[in-house]
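Enquirer: A single structure is presented below for examination.
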Amino acid sequence: MSFEETYETGQKNLKIVKFKRRKSFYLYIYDSDTRKVSYTSLGSDDIEYCQSNWFKSYESYIRKGGSPSKVRKSSLNKKSKEFIDYSFTRVERNEIKESTFKTIWERMRNRIVPYIKDTGVSTVQDITRKSFQDFSIYGKSKGYDIGTINNDINTFNTFLNWLCDEEILDLNKRPKLKKLKQTKDFKRDVNPPFTGKDWEIFKETLYRYETSEGDEQDDLEKLEKWCYRKNFVNWVFFQYLSGNRPSETSKLTYGDVSVQDYKLPNGKTTLRGTVLIPQDTKTGKRTMVMNGTPINRIFQHLQYCKHPKWMSYQTDDDTPLFVNPNTGKSVHQESFRHHFQSCLKYSGLDGKGYTPYSLRSTHITKLLLEGTSVDDISRNLGNSPEVVRKHYDGVENILKSDELLKLNRQYFEDKF
């Protein structure tokens, strides 16, 4: 039988067709077992509507007793990868920037896809209007701040729209993910800096976390766990003393950091670390300086940890600064987040809103308490002075109290 028009649905045995002298489109259904063909009206002459709603008509056809065809379900994991590939082609067409693609890739890989797997929704056909409605709850349980959750929802919605555009997801089944409401001063409620007392408690927990079970060379399982815990502790102090964004640190390599002896105005010698922040980060390429001690600890760590699988781990300029010696890649940010949440729990500080990003907030607060100028802070950390003033203006009140300033300086003093 000849058709006036034929459109693919993405399924081998299902097509959208239009007969001559008939106004509506029909769904062509081929049963490969019986080799019989059936038709069901899609009830519209609007091809876009029919392409978006053909699966709903097919389900109605089956419920009425129609012989089901073998429908190939679309793996959601596979479609997630195709969406990432599609986003990369947009970079090649100059539709989006490469940094935008990397943001999409990071959100999909690190948060959205793991969440989808946790929900048990394995195929596109399993998606309903109510699917993924607890994404924001899931994000909060993982310690994500409101801004991160809402940004992820933007990408999640783009992914769902793409599924509909590709005629894989029925538009009537597309979930609607709503952003969380943000209070006027929400920036002060998320990623709060550690208070002086809480920072002391957290540092004590880090010390116990690093040294628990020790570095027993004869117990390989304990040795490997100790190496990962110590790597995390090094990461915490690097974040705190550099003020870097976690995403910036994940891109650093051994070739991006260096340590030199530096003579202070008082004649004493200290270690100065220099860090080259890569171009493909939020604020682009810049050079920053920091305390060099935590960088030395990172350099020494893998050489000291003599695990038989690693021995003296060979590093070069391209080795990630926080390398997973089993893979040679940078340690996943989610791994550090997991360790961070564990230490908060051990410290009794869970529920106070602290996140890995709080280390950056604490760094800035510490510098302000020490009287460092806003311009110097913003230049080193890749923020504008206006942003620093906007989010840390409460520190100005603290600076008016000499007694409280001395108290906080004592709390924030670090000893390695």
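The values are calculated or read from the model by the stated rules, or taken from the named source; none is laboratory data. What you see is a predicted model, and the numbers here were worked out from it, not measured in a lab. Neighbour counts are summed over all protein chains in view; Cβ atoms, including those assigned to glycine, are modelled from backbone coordinates with ideal geometry. These accessible areas exclude ligands, DNA and RNA; they are computed on the full protein's heavy atoms, side chains included. Shrake-Rupley method; radii C 1.70, N 1.55, O 1.52, S 1.80 Å.
Enquirer: Quick check on my filter: what residues within segment 244-297 are among the aliphatic types (A, V, I, L, M), without any contact (Cβ under 8 Å) to a residue 60 or more places away in the chain, surrounded by 17 or more Cβ atoms within 10 Å (Cβ to Cβ) and not in a strand (DSSP E or B)?
Expert: Within segment 244-297, just Ile295 meets the criteria.
Enquirer: Hey, another quick one. Considering segment 126-156 alone, what residues qualify as being open to solvent by 30 Å² or more (accessible area, probe 1.4 Å), of a type outside the set (A, V, I, L, M, F, W, C) and not in a loop (DSSP other than H, G, I, E, B)?
Expert: Hits for segment 126-156 are Asp126, Tyr138, Lys140, Ser141, Thr148, Asn151, Asn154.
Enquirer: Still on this structure, please answer the following. Can you find even one residue in segment 402-416 that is open to solvent by 60 Å² or more (accessible area, probe 1.4 Å), aromatic (Phe, Trp, Tyr) and at pLDDT below 80?
Expert: First pass over segment 402-416, keeping only residues open to solvent by 60 Å² or more (accessible area, probe 1.4 Å): 402-404, 406-407, 409-411, 413, 415-416.
With the extra rule that they be aromatic (Phe, Trp, Tyr), the set shrinks to 411, 416.
Adding the requirement that they be at pLDDT below 80 leaves 411, 416.
For segment 402-416, residues open to solvent by 60 Å² or more (accessible area, probe 1.4 Å), aromatic (Phe, Trp, Tyr) and at pLDDT below 80: present.
Enquirer: While we're looking at this one, here's another question. Please enumerate the residues belonging to segment 229-278 that are under 19 Å from the mean Cα position of the chain (by Cα) and farther than 16 Å from Val289 by Cβ.
Expert: Answer for segment 229-278, where residues must be under 19 Å from the mean Cα position of the chain (by Cα) and farther than 16 Å from Val289 by Cβ: Phe232, Trp235, Val236, Arg245, Pro246, Ser247, Ser250, Lys251, Pro278.
Enquirer: Another question about this same structure. Out of Ser87, Ser131, which single residue is at pLDDT 90 or above, touching a Phe, Trp or Tyr at 6+ places or on another chain (Cβ under 8 Å) and of a type in the set (Gly, Ala, Ser)?
Expert: Ser87
Enquirer: What single numbered condition from (1) small (Gly, Ala, Ser); (2) without any contact (Cβ under 8 Å) to a residue 40 or more places away in the chain; (3) over 21 Å from Asn150 (Cβ atoms); (4) open to solvent by less than 30 Å² (accessible area, probe 1.4 Å) fails to hold for Ser67?
Expert: (4)
Enquirer: Same structure, new question: Just to be sure before I move on: is Phe232 closer than 23 Å to Gln314 by Cα and surrounded by 13 or more Cβ atoms within 10 Å (Cβ to Cβ) in the structure I sent?
Expert: The answer is yes for Phe232.
Enquirer: Sticking with this structure for a sec: Name the residues in segment 62-84 that are at pLDDT below 85 and of a type outside the set (Val, Ile, Thr), would you? Spell out the reasoning first.
Expert: Of segment 62-84, the ones at pLDDT below 85 are 62-74.
Selection gives Arg63, Lys64, Gly65, Gly66, Ser67, Pro68, Ser69, Lys70, Arg72, Lys73, Ser74.
Enquirer: Filter segment 298-356 down to residues that are surrounded by fewer than 17 Cβ atoms within 10 Å (Cβ to Cβ) and basic (Lys, Arg) and give me whichever is farthest from Lys203 (Cα to Cα).
Expert: Here the residue is Lys309.
Enquirer: From (1) within 21 Å of Leu359 (Cβ to Cβ); (2) touching a strand residue (DSSP E or B) at 6+ places or on another chain (Cβ under 8 Å), pick out the condition that doesn't hold for Ser247.
Expert: So Ser247 meets the others, but not (2).
Enquirer: On to the next question. Please indicate, with yes or no, whether at least one residue in segment 188-198 is open to solvent by less than 40 Å² (accessible area, probe 1.4 Å), at pLDDT below 95, assigned to a helix (DSSP H, G or I) and of a type in the set (Phe, Trp, Tyr).
Expert: There is no residue in segment 188-198 that is open to solvent by less than 40 Å² (accessible area, probe 1.4 Å), at pLDDT below 95, assigned to a helix (DSSP H, G or I) and of a type in the set (Phe, Trp, Tyr).
Enquirer: For segment 357-385, enumerate the residues that are in contact with a helix residue (DSSP H, G or I) (Cβ under 7 Å, 6 or more places away or on another chain) and open to solvent by 60 Å² or more (accessible area, probe 1.4 Å).
Expert: Across segment 357-385, the qualifying residues are Tyr357, Glu370, Asp375.
Enquirer: Assuming Lys173 fulfils every condition listed in (1) out of contact with any Gly (no Cβ under 9 Å at 6 or more places or on another chain); (2) surrounded by fewer than 18 Cβ atoms within 10 Å (Cβ to Cβ); (3) over 24 Å from Ser247 (Cβ atoms); (4) modelled with pLDDT under 90 apart from one, which condition is it?
Expert: Failed condition: (2).
Enquirer: Filter segment 82-124 for residues that are open to solvent by 30 Å² or more (accessible area, probe 1.4 Å), over 23 Å from Ile149 (Cβ atoms) and assigned to a helix (DSSP H, G or I) and give the result.
Expert: Glu82, Asp85, Tyr86, Phe88, Thr89, Arg90, Glu92, Glu98
Enquirer: Inside segment 1-53, can you point out the residues that are open to solvent by less than 40 Å² (accessible area, probe 1.4 Å), touching a Phe, Trp or Tyr at 6+ places or on another chain (Cβ under 6 Å) and not basic (Lys, Arg)?
Expert: Of everything in segment 1-53, those that are open to solvent by less than 40 Å² (accessible area, probe 1.4 Å), touching a Phe, Trp or Tyr at 6+ places or on another chain (Cβ under 6 Å) and not basic (Lys, Arg) turn out to be Thr9, Asn13, Ile16, Val17, Leu27, Thr40, Leu42, Cys50.
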